[in-house]
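A short worksheet on the structure shown next.
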Amino acid sequence: TKNNTMSNSTWYLVLRKAPFLIRLFLSVSSCSAFLPRSLTMLPTGANISRPKKAYPPPSAAAARSCTDDDAPLHLAVVGCGVLGTSLCRQILSSKPEAHVVGIAKTENNHATILADMASGDGVRNFRTATYADVVAVGETFPDVVFCAPPSGSDDYPAMVADALERIWAGPEGGGAFVFTSSGVVYAEGSAELYPVTETSPLADIAINPRAARMIGAERACLAAGGTVLRLAGLYNINRGAHNFYIKKGEVKQPSNGVINQLHYDDAASACAAALVADRQSIRSQVFLISDGSPMTRYDICRSTLKAFYYQGKSMPTFSESSGENSLSKIGKIYDAKVSSKVLAWQPEYSSFDAFMTSNS
């Protein structure tokens, strides 16, 4: 009957998360008895087999990030969520000798992070810590990637400035501080469809509080010699604008609005590329990161329905529907060619449609 039948999307999550749940139990039971709650670590040399649903292979950038055997990467990832965990996994999968610390505001998600990391191939030299723990012991890192969202702070620019001052070893340490920003910083264009690059005008911070927080954080990073990556809209199978549109069913935005996108794993590989780029070419610089294939909301939803996860779902309605044959598109078009060249980076998923098709 209907009440006893699970949807395709539910079975998808159950099957995909089964290895995760098993490893979550093992990681918590094996780690919590021996280590402090605030500083949990995977056993060195752990050899846990890969689940059937394999993660993407380490990016070329991640592989290059630890090629110097005399100086293995010593990295702190502040904000170890979906993006941060993907970065940690890519780095450690390519070079287990690297030392990576996943830093979170609280201990609430440490067990989940460790279980997710354990589902890679033989991950070691990884630990979790709270930000307060790291600051309390005065630990600093040559390389830092700051990808914590602004939603977790009352003063986001101050939060970024604090990390620059207290946990990064600074430019003299030889590493990089990479801050993940977003396209919210850009001003709206005068044309219906307009290009955006690294040097495009920024939003007016006097009338746009959301942009003001991100612009303030960017300025703190750049002033200290850090690197800013402005990321396009992030997504994976069940996170992103597409998931909101399909679940909502009614979207109060025009169907022909253009969205620039980037898979979480590709965002992580861009961070890895910045960590190994020539220091003089990235110091106090801004880079724009996108898959280079902007799509309308209408086309995003059509592509979404190709995936097995969304089988049985329907197209949403839009406030202004232009349909699939509309030649009129509105919004920003990210031009990230310069950034891709400087960072020697390319996305694994060339478009949102390519990703959804691969999951059909």
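Would you calculate the separation in nanometres between label points at Glu192 and Val338, each defined as 7 Å from the Cα along the Cα-to-beta-carbon direction?
2.8
From the backbone phi of region 240-249, what are the Karplus-calculated ³J(HN,Hα) couplings (6.51 cos²θ - 1.76 cosθ + 1.60, θ = phi - 60°) in whole Hz, Gly and Pro given as x?
Each residue of region 240-249 in turn: x, 4, 4, 5, 5, 4, 5, 5, 5, x Hz.
Residues in region 201-217, backbone N under 13 Å from the label point at Ser153 (7 Å along the Cα-to-beta-carbon vector): list them, ranges by number please.
Residues 213-217 fall inside that zone.
Rolling a 1.4 Å sphere over the protein heavy atoms, what is the accessible area per residue of region 164-320, to the nearest Å²?
It amounts to 42 Å² per residue over region 164-320.
Suppose R0 equals 25 Å; then what is the FRET efficiency for Glu97 and Ala169 from their Cβ-Cβ distance, rounded to the nearest 0.05?
In this case the efficiency is close to 0.85.
May I have the convex hull volume per residue, in Å³, for the Cα set of region 243-324? Display every interim value, and only then the final one.
Details: hull volume 9.4 nm³, N = 82.
Convex hull of Cα atoms, per residue: 115 Å³.
Let me check I've understood the local charge: for Ala161, count other residues with C-beta under 12 angstrom from its C-beta, Lys and Arg +1, Asp and Glu -1. What total comes out?
-2
Among Ser182, Ala136, Pro195, flag the residue with its Cα farthest along the positive direction of the charge dipole of region 95-219, charges on Cβ as +1 for Lys/Arg and -1 for Asp/Glu.
Comparing the listed Cα positions along the dipole, Ala136 ranks first.
What is the sum of charges around Leu288, taking Lys and Arg as +1, Asp and Glu as -1, for the other residues whose C-beta is under 14 Å from the C-beta of Leu288?
Net of charged neighbours comes to -1.
For region 206-347, what is the Kirkwood hydrodynamic radius in Å, using each pair of distinct C-alpha atoms?
Radius from the Kirkwood sum: 16.8 Å.
Using a simple charge model, +1 on the beta-carbon of Lys and Arg, -1 on the beta-carbon of Asp and Glu, nothing else, what dipole does region 238-360 show about its Cα centre, in debye to the nearest 20?
Once rounded to the nearest 20, the dipole reads 240 debye.
Going by average Cβ neighbours within 10 Å, how do the peptides 217-225, 86-94, 131-139 rank, with the highest at the top?
86-94, 217-225, 131-139
In whole Å, how far is the Cα centre of region 239-281 from that of region 204-235?
Cα centres, region 239-281 to region 204-235: 16 Å.
Modelled label-to-label distance, Ala354 and Ala223, 7 Å Cα→beta-carbon offset: nm?
Rounded to a tenth, the inter-label distance reads 4.0 nm.
The values are calculated or read from the model by the stated rules, or taken from the named source; none is laboratory data. Please read all numbers here as calculations on a predicted model, not as lab measurements. For neighbour counting, all protein chains shown are included, and Cβ atoms are generated from backbone atoms with ideal geometry for every residue, glycine included. Surface accessibility is based on the protein's heavy atoms, side chains included, excluding ligands, DNA and RNA. Shrake-Rupley method; radii C 1.70, N 1.55, O 1.52, S 1.80 Å.
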